[in-house]
Amino acid sequence: MPHTTRSAPPAGPELLPLLTELHRRIGDTFIVSGVGLHIADPVLAKAVLANVGADFTEHSDFFATATGFLGPRELQQQIAREARDLLAAYLTTHAADLPRLAGVHLAPEAVMPDAANRLLHEHLGPVLLGPGTDPSVRAVVADVVTHAVLAGARARRGRLRRALLRHRAYAALAAETARRRRRPARVATDLLDVVALALPEDYDPIQAVEVFLSLLFATVGSTGFLLSWALYLVGHHPDQADAPPSALVRETLRLWPVAWLFGRPAARAHDLGPARVEAGQTVHVCAYLVQRHPGHWSDPDDFRPDRWRGGVPGAFLPFGWGTHACTGAAVATGLVADVLAQLLAAYAVTVCDDGRQPQVGPALAPPPHRIRLVPRRRERR
Ligand code: HEM
């Protein structure tokens, strides 16, 4: 995702039709009043994200915290790499747990997208916080999932109760981080260790907690939304259920990129295609528009997994682009493809959807809906 809500874009279901209309009327670079310049052209989008001309301040939503970016860059890269590797190793050794968990959380009927997030939380719980973790820390992180990670959680809980939970979570995770750092063994066995053990002597506890929370949002939040979108689309297009799971995942990410808008603050005034950008202005790269660009995709609004037979076209950036592109992309897509492969081999998916709109915030989540899994009689090809 943008894995934190720090550079939160404006939210609301009306936003996507508005941006689509402005793109259609004005073109690939347009200004949304009160928000700023939006980019829908893939070449300009990649130039902004790759920051080749150093026109933008270096930025990573993942490592942005209330007290500034966790740094230096080498530390970010170390944490990103170690987290990805630990997660990948865990998923390999625990792959056999998935079918049972998917059945428990999603069959025969589930309320989505929350059930997908809860499935991933249960599956990944031990790699987020290993067995030696104090149960009170585990409990507060479970509360964070319920009240901050699930789509719509912010709307369901008042500001004061959110602030209290934040306070409790930060205190518990900061104390647990300090405890991990005092242990003689310096080998990371869970994702909190990855962060705790990488930090320097004079580390900032807020940054430690927030980077761990970025990992929680990425694994349980973004990856759960991707799984939920994929099942939602298959449920609406049952004739596509036999497409290769990797194509289902890509086509899902193209139509409904969980991370759909990336803000980049300009370091200096410069020209960006036909637009003039002033120093300090934030430019918004809109993956949602890039990936439905009629100049780059045929039938851009249609769900067509078969379009992925020929490789990955350029107008596709669901995991960002350039040096800050998502480190966990392969792990997340592999995990979702595995769940789809297992579920779609065993069940047909139907969606009970009362026409509600997607949930548009810092992440793009499916509308609240129910899925029903009906055992399949024939063998999957
Ligand atoms: C479907 C799931 C996911 C989506 C859609 C997603 C999306 C993204 C995007 C768009 C960025 C770039 C943000 C920007 O340029 O500001 C990013 C960065 C990042 N993601 Fe993910 N992500 C997902 C899952 C994961 C997972 C499972 C991990 C765990 C290792 C992860 C780790 C990271 C890290 C460490 C960065 C920062 C890279 C850097 O700044 O160097 N992501 N993600």
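The values are calculated or read from the model by the stated rules, or taken from the named source; none is laboratory data. Since we're looking at a predicted model, the values are computed, not measured. Glycine gets a Cβ as well: all are built from the backbone with ideal geometry, and neighbour counts include every protein chain shown. Please note that ligands, DNA and RNA were not included when accessible areas were found on the heavy atoms of the full protein model with its side chains. Shrake-Rupley method; radii C 1.70, N 1.55, O 1.52, S 1.80 Å.
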| message | Quick check on my filter: what residues within the stretch 291-338 are within 17 Å of the chain's Cα centre (by Cα) and within 16 Å of A243 (Cβ to Cβ)? | response | T333, V336, A337
| Filtered residues of the stretch 59-105 (kept if more than 20 Å from the chain's Cα centre (by Cα), under 28 Å from H270 (Cβ atoms) and touching a residue at least 60 places away in the same chain (Cβ under 8 Å)) | G68
| said: When you check R186 against the structure, is it more than 24 Å from the chain's Cα centre (by Cα) and in a loop (DSSP other than H, G, I, E, B), yes or no? | reply: yes
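Take the residues of the stretch 199-212 that are open to solvent by 20 Å² or more (accessible area, probe 1.4 Å) and either of a type outside the set (F, W, Y) or closer than 14 Å to F62 by Cβ (or both): which is nearest to the chain's Cα centre (by Cα)?
As a first pass, look at the stretch 199-212 and keep what is open to solvent by 20 Å² or more (accessible area, probe 1.4 Å): 200-207.
So of that shortlist, the ones also either of a type outside the set (F, W, Y) or closer than 14 Å to F62 by Cβ (or both) come out as 200-202, 204-207.
On the way: P200: 28, E201: 31, D202: 30, D204: 25, P205: 24, I206: 22, Q207: 20 Å.
Top of the filtered list is Q207.
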| task | Just give me the residues in the stretch 336-348 being open to solvent by less than 10 Å² (accessible area, probe 1.4 Å) and either charged (D, E, K, R) or away from the ligand (no atom under 14 Å from the Cβ) (or both), in sequence order. | result | L343, L344
| request: Check the stretch 314-335 and report whether any residue there is away from the ligand (no atom under 16 Å from the Cβ) and surrounded by 18 or more Cβ atoms within 10 Å (Cβ to Cβ). | output: no
| free of Cβ contacts under 8 Å to residues at least 40 places away in the same chain and in contact with a strand residue (DSSP E or B) (Cβ under 9 Å, 6 or more places away or on another chain), is that true of A185? | no
| message | Exactly one condition in (1) in contact with a His (Cβ under 9 Å, 6 or more places away or on another chain); (2) within 12 Å of the ligand (Cβ to nearest atom); (3) of a type in the set (A, V, I, L, M) is false for L86; which is it? | response | (1)
| said: Report every pair of residues separated by at least 6 positions or lying on different chains whose Cβ atoms are under 8 Å apart, first residue within the stretch 284-300 and within 14 Å of F316 (Cβ to Cβ) and open to solvent by less than 20 Å² (accessible area, probe 1.4 Å), second aromatic (F, W, Y) and in a strand (DSSP E or B). | reply: V285/F262; A287/F262
| query | Looking at the stretch 97-146, which of its residues are closer than 19 Å to V194 by Cα, open to solvent by 20 Å² or more (accessible area, probe 1.4 Å) and not in a helix (DSSP H, G or I)? | reply | P131, G132, D134
| message | Every residue in the stretch 247-279 that is under 17 Å from the mean Cα position of the chain (by Cα) and among the small types (G, A, S), please. | response | A259, G263
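Can you say whether A267 is modelled with pLDDT of 95 or more, away from the ligand (no atom under 15 Å from the Cβ), touching a Phe, Trp or Tyr at 6+ places or on another chain (Cβ under 9 Å) and closer than 30 Å to R370 by Cβ, as far as the supplied structure shows? Quick ask: steps written out before the conclusion?
Values: modelled with pLDDT of 95 or more: yes; away from the ligand (no atom under 15 Å from the Cβ): yes; touching a Phe, Trp or Tyr at 6+ places or on another chain (Cβ under 9 Å): yes; closer than 30 Å to R370 by Cβ: no.
No.
Quick one: would you say V249 is farther than 16 Å from P366 by Cα, within 14 Å of the ligand (Cβ to nearest atom) and in contact with a helix residue (DSSP H, G or I) (Cβ under 6 Å, 6 or more places away or on another chain)? Reasoning before the result, please.
Values: farther than 16 Å from P366 by Cα: no; within 14 Å of the ligand (Cβ to nearest atom): yes; in contact with a helix residue (DSSP H, G or I) (Cβ under 6 Å, 6 or more places away or on another chain): yes.
No.
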| message | Given the options D97, D41, name the one that is among the charged types (D, E, K, R), more than 27 Å from L164 (Cβ to Cβ) and out of contact with any Asp or Glu (no Cβ under 7 Å at 6 or more places or on another chain). | response | D97
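Being part of a loop (DSSP other than H, G, I, E, B) and in contact (Cβ under 8 Å) with a residue 12 or more places away in the chain is true for just one of Q342, Q357. Which residue is that?
Numbers: Q342 fails: part of a loop (DSSP other than H, G, I, E, B).
Only one candidate qualifies: Q357.
Matching residues to (1) among the aromatic types (F, W, Y); (2) free of Cβ contacts under 8 Å to residues at least 60 places away in the same chain:
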{"site": "D302", "(1), (2)": "no, yes"}
{"site": "P313", "(1), (2)": "no, yes"}
{"site": "F319", "(1), (2)": "yes, no"}
{"site": "T327", "(1), (2)": "no, no"}
| task | With the checklist (1) in a loop (DSSP other than H, G, I, E, B); (2) under 17 Å from L49 (Cα atoms) in hand, flag the one item S298 doesn't pass. | result | (2)
